[in-house]
Each structure stands twice: as structure tokens, then as C-alpha cells.
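The values are calculated or read from the model by the stated rules, or taken from the named source; none is laboratory data. Since the structure is predicted, the reported quantities are computational estimates derived from the model, not experimental observations. Glycine gets a Cβ as well: all are built from the backbone with ideal geometry, and neighbour counts include every protein chain shown.
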Amino acid sequence: MDLLDILLSASFWAAAIRIASPLIFATLGELICERAGVLNLGIEGIMVAGAFAGWIAVWGGLPLWGGVAVAMLTGMMLGLVHSTLSVPFGLSQHVVGIGLTLLATSLTFYTYRVVLPEVSSPPKITAFQPYEVPFLSELPLIGPAIFAQTPLTYAGFILAGLTAVILYRTPLGLAVRAAGENPSAVAAQGLSVTAIRMGAVTVGSGFMAVGGAFLTLSAFDSFFFDMVNGRGWICIALVVFGAWKPGKAVLGAVLFAAFDALQIRLQQTGIGAVVPYQVFLMLPYFLSILALVLMSRRAEIPAALMVPFNKGER
Amino acid sequence: MRLEPIEAPSTARRVIPPALAIAATFLVASLLALVAGGNPFAVFGLILKGAFGSKFSILETFNSATPLIFTGLAIAVAFRAKLWNIGAEAQLYAGAVLTVVLGTGALGLPAYLMLPLCALAAMLAGALLLLGPALLKTRLGVDEVVTTLLFNFIFLLFVSYLLEGPLKDPMGMGWPKSARLTPEARLPRLVEGLRLHWGFALALISALVVWVINTRTTLGYEMRAVGQNAEAAGFAGIPVTRVILKTALLSGGLAGLAGFSEVSGLKGALTLDLSPGFGYTGIVVAMLALLHPLGVVLAALFVAAIFVGADSMSRAIGVPSYLADIMLASALLFMVLAILLTKFRLRRD
């Protein structure tokens, strides 16, 4: 059976890790926001803006890491807009998030048309190239799958580790988690819930934008309008699937990406000749819904998620 | 920082923030127009002229407002009960698919039976599509925002499959497009010779019906109670789950009607670009209308005018028409903030 051949090939797992990378950044970003108590539905738009900002910066002459930084800053600015409206003003996180997605997406498309008015196809940049980690990349199967990726992928996994350490091993992480679980207790400690939540949303949004920039700076070498294509919404499902824990969320992203890589390959086998290709393309979205359903009975959701905090009020 | 309710807001308190929100929206749009090399006054002038400058353009604005009234109502109904239906786009297409399935020659019915049948089927399709996520919400507590959003992607792929497979027009020269509706399944024009179709009237009627439901029926009262405080509503003996499911059926049905109206009234066939995001724009329409069904009509006309006007402005002086989308998104964000500021003030500790 060729399914086994696919699952045992290094190129399949290399693709899975590559597809997982933007999801890892954006999922971590969303996780940080939600851990602090704020649902960030701006994620889809922030990823679009990040994908464009990073790419246009590199196209304009910045080095690749400069593009990543520009994407990060773009995301942080959008995160600041979100958190200003959703935290001190306590506006509906659903409405603010969807409004921000619409705003970020339309601003991006507008800027694209202003900067590149007459192009039929977007210009290409020189994207991140795979870097083979010495020794490790020579391991069988794992080597070419994990240790021959682009630097931005490695950065994603390092970021996941850092996020876990900061969330669980530092006073800052404790404050963030407490802001999402029991904000009154945070305020009672003399800390500002507003500042913690705004900071978490701003930084988290920066990570989402880097996730978007992975698409233009690493996975592809150009920007397309429908590039993000619902990945942001999938990341929201991945946060739930990962039970709001960085490690599990990364695992979820890789599993999801493996599935995505599998459906692309299955399209080229005998099954693909019978089943319409749209069915394969639907699978990732169905999988996300399934993940939400399976995880729905577990009660690990941050207790104060989506609950605005107003000091002096119970 | 904390929010402090204002006991008795003065008239100025109630008027100034929304006025500032509108001013801020135009300020943002002006700056962006300048960036693109367009004189803001010329840009807004051309948008106005493009939307209302001629009989043709006014009818175009009304036609464009029609699907937005339906999706705006769909969202307003759902959001009022705090059911976050972001899937109106998929529900619209579900309605359009059913219209095409029934209306392309499968049934030999006269128009007075055909049209109501197609409309009802479209409503049912939209309603059922939202019932799934609503059941997942009430039964399992799965957040409907994400499920309805993901359903948009799934359903568009499904439509793409239908248009390349079972519903493909055999005479379509390979384009992914359905066969055309039979004349019996086409909504006639409101006035002979003018492009405006009966879908617009149907949209107005729907807005009235929703208004009556909201203000004159038990369901309307229950939907609002569930939206304001589901727990308290439950204590008061309101069957919260059933109200949410009924809300979902109503909301999805209204979005399904948008699909029926677009196919039967305007396009005559189903393509993958039937809706350029009416389901999402409906969210802006509903919010600008403060979820009021009659306000939805006005907001939809306003939004449609900006879209139609921006298209013609863009053709004239080359400022990208995405300016319209930016104006609407920023109007939404500024307006929700402004409305809060009519009732609360921000105090430093």
C-alpha cells in the first residue's frame, strides 16, 4: 500500500514540518492572548498583514530577518489596536477581532495596490533557504525531515520552547496566566491586569504576523491575496486542541500539518483519481472542527477568557 | 483604568462620540486617499457621484444593498441573541445551491409556485447549515465562531465541486458555472425596464418581519433575554437552548434568502464569485445598524453606496477600491467604541 510509503518517507515529514511552521507561530501567538484572557479573532487579518509587510520590506531591500522584524512590528501595532479596544474599553472581543481582521486585510490589499499598481503577477524575492544542521541532518529519516528546514522553522520551535518556559517558569508567565484565570487576584497583588493583557495581545499578535510572514519569506517567495486562506481560524482551533498548552499546541500543529501533507499526496494516488480534489481540500477544515468537538468536554479553558476586567467591579 | 457608567448621559454625550466616529472614519480614508495620490474631496465626491449620480447608479446601489440587507438581518438576529454566526457566507451559498437545484428545469412549475418553493428551500438550506454549529454549541459547548467560519471554507469547496460536477452547465464551455434558471424561477423586475428586481422588496419585507418578531413576539423577547444574560434567562424559565436553536434557524434562513435573491433576481446562474463576501460585510452592516432590523436597511444602503461609489471612483482616478473596505472596517471599530463612550467614561485610578 502506498500510504505506508508516504508515511515513511522523509520528504513527507519535511513537508509536514514546513506546513506546520506558520501554524506554530500563529498558534503560539493566539495561545498567549487567550492565556491572558483575550480571544484574538484578528488573527486571520494579522497573518495577512504580516505576510505582506515582511515580503514588501524584503522586496524593498531589507534582509530576510529584517522582513521578519517588520512583520512582527506590524502585528504588534495591530495587536495594540485590538487590545486597546478589547481590554481597557472591554468591547466585545468577537466584534473587535472580526473588525480587525477586516481592517487588516483591506489595509493590506489597499497598500499592495498602491505600492504595485500595474503588476499582473507579484514580484518574487529570494526566500529563506533550507539550512542543514551539521551532523543532525545526517540522521536517517529524522535528519532530512526536521534538520534540513529553513531558519524560520527552527525559530518557531525555539519560540515554542521559550513560550513554555516563560509561561510556566517565570513571574511574568504566572502573571499572564493569572490574568486569564483570576484577574481579581492579579489586581489584588498590585499588578495591572490591563497592562498584562494588553502586553500579551500585542506580543501574541506579533507572533501571528511572523506566522503570516513565514508564508511569503520561507514557504513561498511572493505574496498572493488568498495566501493565508483560513489558517488563522485553524490556529484558533489548534489552541483549543492543544488545551492552551504550548507543547500540545505545537504537537497539534504538526499532526494537523502531517494530515495536510498527506491529503496533498493522496490526491496523486489512486484514491485521488476517484475522489474529487475538493474533498481533500475540505479535510483540514473538517479536522479542525473535529478537534474542537473532541476537546469540547475538557475544562482547561482559561476561566476569564472573554471576560473583560473592570477594576472595583465583581 | 476602569470604566464608569454615566448615570444620565446628556444629549451631547449621546451625539458627540458617534459623530466623532464618523469623522474619524473619513479622516482615515482621507489620509489613505492622499497616500494613493488622490485628493480626498475628489475621492469622496466621486464615491457619492458613483453611488447616487444617475438613475442607473442609484438602482445599482439598491441592487447591491439587497444581499447585504439579508445577510445584515441574519447577523443582527443572531448577534442579538449572542449567537456569533460568522457563517452567513456559506449559508448564502447554500440558499443559492438549492435555488439552482430546483430552478434549472427539474420541476415544471409555474412561477407563482416555483418562486416561493425556491425561496423556502433556500431558507431551509441556510437554516440547516447553521443548525449544525448551533447544536455543537448548545450540546457540546463548541464555540460557534470558529465552526461557522470553517464551514465557510468547507461549503465554498463543496460549491466548487458541484459547479465542476453535478451542477455544471453542459453548455458552459468548461467554466465552473451552473445552468441558467428557467424563466419561471427568475424574480421579475420591480418596474419593467429598470434593473431593480423583486429581491429588494423581499429584503424590505424581511426587515419588517424581523422587526415584528423582535418587538411583538415572545420569541423576540426571549432572544433578547438570552443575548443579554443567558443564565438569568434560564432562571426566569426561558428555554435557552431552544431559543438559541430557533435563532439559528431564523438567522441561517435569512442568509439563505440572500443566495436565492442573488441567483434568482440578479445573476440567473450560480458561479463561485456569486458573493464577494456578503456574509462578512453583513457583520459590518448589522453592527452599524446597532442590530436593529430597520437600521439594517439603512446601513446596507450606506455600505452598498460606498462599495458601488468606490468602484466607480477607482475606475476614474485609480485610488484602489479597497478604500471602501477600509472605511467600513474602521467605521465598525470606531462606532463600537463610540457607542460605549455614550454610556461609560474611562477613569484613571
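Away from every other protein chain (no Cβ under 11 Å) and in contact (Cβ under 8 Å) with a residue 24 or more places away in the chain - does that describe any residue in the stretch B:136-145?
As a first pass, look at the stretch B:136-145 and keep what is away from every other protein chain (no Cβ under 11 Å): B:138.
Checking the rest, the ones that are also in contact (Cβ under 8 Å) with a residue 24 or more places away in the chain come to B:138.
So far as the stretch B:136-145 goes, yes, one or more of its residues are away from every other protein chain (no Cβ under 11 Å) and in contact (Cβ under 8 Å) with a residue 24 or more places away in the chain.
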Of the residues in the stretch A:276-286 that are of a type in the set (A, V, I, L, M) and surrounded by fewer than 19 Cβ atoms within 10 Å (Cβ to Cβ), the one that is farthest from A:ASP260 (Cα to Cα) is A:VAL279
Give the number of residues within the stretch A:195-233 that are surrounded by fewer than 24 Cβ atoms within 10 Å (Cβ to Cβ) and of a type in the set (S, T, N, Q). 3
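Can we say B:LEU149 is facing another protein chain (nearest Cβ under 10 Å) and either part of a loop (DSSP other than H, G, I, E, B) or hydrophobic (A, V, I, L, M, F, W, C) (or both)?
Judged against the criteria, B:LEU149 is a match.
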For A:PHE286: the one exception among (1) under 22 Å from A:GLY37 (Cβ atoms); (2) without any contact (Cβ under 8 Å) to a residue 60 or more places away in the chain; (3) within 9 Å of chain B (Cβ to nearest Cβ); (4) not hydroxyl-bearing (Ser, Thr, Tyr): (1)
Selection status of A:GLY66, crowded, with 19+ Cβ neighbours inside 10 Å, among the small types (Gly, Ala, Ser), out of contact with any strand residue (DSSP E or B) (no Cβ under 9 Å at 6 or more places or on another chain) and part of a helix (DSSP H, G or I): no
Just one listed residue, out of A:MET1, A:MET47, A:MET72, is modelled with pLDDT of 95 or more and surrounded by fewer than 24 Cβ atoms within 10 Å (Cβ to Cβ), and it is A:MET72
Residues of the stretch B:140-163 that turn out to be farther than 14 Å from A:TRP233 by Cβ, modelled with pLDDT of 90 or more and not hydrophobic (A, V, I, L, M, F, W, C), as a count: 2
Considering only residues that are outside any helix (DSSP H, G or I), touching a Lys or Arg at 6+ places or on another chain (Cβ under 9 Å) and either of a type in the set (Gly, Ala, Ser) or within 18 Å of B:HIS292 (Cβ to Cβ) (or both), which ones fall in the stretch B:196-231? none
Breaking point among (1) more than 24 Å from the chain's Cα centre (by Cα); (2) within 14 Å of chain A (Cβ to nearest Cβ), for B:ASN39: (2)
Give the residues of the stretch A:215-250 that are of a type in the set (A, V, I, L, M, F, W, C), under 24 Å from A:PHE128 (Cβ atoms) and part of a helix (DSSP H, G or I), sorted by residue number. A:LEU215, A:LEU217, A:ALA219, A:ILE234, A:CYS235, A:LEU238, A:ALA249, A:VAL250
So A:ALA257, is it more than 30 Å from B:MET1 (Cα to Cα), within 14 Å of chain B (Cβ to nearest Cβ) and touching a Leu at 6+ places or on another chain (Cβ under 8 Å): no
Being over 19 Å from the mean Cα position of the chain (by Cα) and farther than 17 Å from A:ARG197 by Cβ, is that true of even one residue in the stretch A:13-26? yes
Are any residues in the stretch B:214-231 crowded, with 17+ Cβ neighbours inside 10 Å and free of Cβ contacts under 8 Å to residues at least 60 places away in the same chain, and if so, which ones? B:GLY220, B:GLU222, B:ALA225
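Tell me, which helices (runs of 4 or more DSSP H) lie completely within the stretch B:232-349 with 2 or more residues that are among the hydroxyl-bearing types (Ser, Thr, Tyr), over 29 Å from B:GLY165 (Cβ atoms) and touching a residue at least 60 places away in the same chain (Cβ under 8 Å)?
It comes to B:240-261, B:322-343.
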Taking the stated definitions as given, is B:GLY105 surrounded by 24 or more Cβ atoms within 10 Å (Cβ to Cβ), out of contact with any Lys or Arg (no Cβ under 6 Å at 6 or more places or on another chain) and in contact (Cβ under 8 Å) with a residue 40 or more places away in the chain? no
Test set (1) buried (at least 16 other Cβ atoms within 10 Å of the Cβ); (2) within 13 Å of chain B (Cβ to nearest Cβ); (3) not in a helix (DSSP H, G or I) - A:ARG297 fails condition number: (1)
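Residue-wise test of (1) closer than 16 Å to A:SER218 by Cβ; (2) buried (at least 21 other Cβ atoms within 10 Å of the Cβ).
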| position | (1), (2) |
| --- | --- |
| A:SER9 | no, no |
| A:ILE17 | yes, yes |
| A:PHE25 | yes, yes |
| A:CYS33 | no, yes |
| A:GLY42 | no, yes |
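Matching residues to (1) touching a strand residue (DSSP E or B) at 6+ places or on another chain (Cβ under 7 Å); (2) closer than 30 Å to B:ARG348 by Cα; (3) among the β-branched types (Val, Ile, Thr):
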position	(1), (2), (3)
A:LEU78	no, yes, no
A:PRO88	yes, yes, no
A:SER92	no, yes, no
A:THR111	no, no, yes
A:GLU118	no, no, no
A:PRO123	no, no, no
A:VAL133	no, no, yes
A:LEU159	no, no, no
